[in-house]
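Working notes for the structure below.
Just so it is clear, none of the values below were taken in a lab; they were calculated from the coordinates. Since we're looking at a predicted model, the values are computed, not measured. Glycine gets a Cβ as well: all are built from the backbone with ideal geometry, and neighbour counts include every protein chain shown.
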Amino acid sequence: MQTTWLNEDLDQTIFEVGARVSMRVGKKLFEGQSDFQKLEIYETPHYGNMMVLDGCVMLTEANEFSYHEMIAHVPLFAHPNPERVLIIGGGDGGAAREVLRHPQVKECVMVEIDGLVIEKSKEYFPTIASEFNNPRLTLLVDDGVKYIENNKTAFDVILVDSTDPVGPAEGLFSKDFYQKAYNSLKPNGILVAQAESPYYFKRTQRELFDVLHSVFSYATLYTTNIPFYPSGMWSFAYASKEYKENTNPRYTDMEKMEENLQYFNRKLYEGCFALPTFVKKNIEKK
Ligand code: SAM
C-alpha cells in the first residue's frame, strides 16, 4: 500500500498545548462536507479504515473497541437494570453495538446530527455500524441538544458520544444541556459523556465538571487508552442520581460478557476509576 503521513495538528485553543498526532495512511476512500463537518475516510496499512471529522481522527477499525466498550459497559453494568438507553452522537454505531449486547436493554435511542456519518459508517465500517437494523434500536438524525429539550421520556442511561466541544457538539457541554439530560433520566439514572484528554483538555474538563457538579449529586471520571487520540489517555465523565460505580455493579454479568470483549473486563471496571492526582484535583467539586 502506497502511504503518506496524515497529521492531526492539535489546535492551541482547544488542546491548550501545541502538539501533533501523525499516522501513516493509504488511499483516501471518501471525502465529503455535510452541513456540520468535513468527513474523510482513509485506508491504513495496519489499522483498517480510519474516520476523520474536521481533521480530527475519530476511530480506526483496529482500535475502536477501547472507546466503545468503555463508554457503554461501565454505566450499563453499574446500573441494576438498564432497559432504556439514549445515545447522543455515536454516528459510527460503535456505542450502539456495545449497548445492544445487554439483554436488559429493551430500547436504545440514538440521536446523531449528521446523516452522512451514519451512511458512510455503514459503507466503510460495517463491523462498527453493525446494529443499525437491530429492532431494539431507534435511530434518529437530529441535534442532540434539540432532542433533549423536547424529550418527554425517561432513560436509565444516557451516553454522550460526541465530537470535541466546538461546532455541532458545543451545546453538548453546556449546563442547559446537562440540566435537561438530568430531567430525562429516571430517578436512578446514570449519564456518561466522552470527556476528552485529562492532559490536553484540562480547562474543558474543569468547566464540564463545574456543570456536572451543579446538576448531579455525584460526578466522577474514568479513563481508557485510545492509541490515536491526543496523548492516548482518554476519559469519560460518569454522573449519577443514585448509583455510584461501586454501589452494586453487576459483576457476575460482567464476567459472563468479558470473554466476548477485547478491552472491558471486571478488573478494569474497578481500576478505570482510579485517577492520577492531577486529574482528581482538576475535577473535584469546588
Ligand atoms: N465514537 C467515536 C469514537 O470511537 O471515538 C467518536 C465519536 S462520534 C464519531 C461523534 C459524533 O457526534 C459525530 O458523528 C457527530 O456528528 C456527532 N455529534 C456532534 N454534535 C452533535 C449533536 N449536537 N447532536 C448529535 N450528534 C452530534
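The residue among ASN246, ILE41, ILE148 whose Cα reaches farthest toward the positive pole of the charge dipole of the chain, with charges on the beta-carbon of Lys, Arg, Asp and Glu, is ASN246.
Output the 0 to 90 degree angle, nearest 10, between the alpha-carbon long axis of helix 65-78 and the longest principal axis computed from the alpha carbons of the chain. Taking the Cα atoms of the chain, the angle to 65-78 is about 10 degrees. Give me the Debye-computed log₁₀ of I(q)/I(0) at q = 0.07, 0.14 Å⁻¹ for the chain, equal point scatterers on Cα only, no solvent, two decimals. Summing over Cα pairs of the chain leads to -0.23, -1.01.
The H on the amide N of MET58, modeled in the peptide plane, is under 5 Å from the matching H of MET51, VAL52, LEU53, each at least 5 residues off or on a different chain. Dipole magnitude for region 4-58: about 300 debye, using +1 per Lys or Arg Cβ and -1 per Asp or Glu Cβ, origin at the Cα centre.
With +1 on the Cβ of every Lys and Arg and -1 on the Cβ of every Asp and Glu, and nothing else charged, how large is the dipole of the chain about its Cα centre, in debye rounded to the nearest 20? Could the numbers behind the result be given before it?
On the way: 30 positive and 40 negative charges, 170 e Å.
The dipole magnitude comes to about 820 debye.
Averaged over residues, the count of other Cβ atoms within 10 Å places the peptides 137-148, 191-202 in the sequence 191-202, 137-148, highest first. Where does helix 115-124 land angle-wise versus the long Cα axis of the chain, in degrees 0 to 90, nearest 10? The angle comes out at about 70 degrees. For LYS28, the lysines whose Cα comes closer than 30 Å to its Cα, not counting residues fewer than 8 places off in the same chain, are LYS38, LYS120, LYS122. Taking 28 Å as the straight-line reach from the Cα of LYS280, the lysines in range (excluding those fewer than 8 positions away in the same chain) are LYS175, LYS180, LYS186, LYS202, LYS241, LYS244, LYS267.
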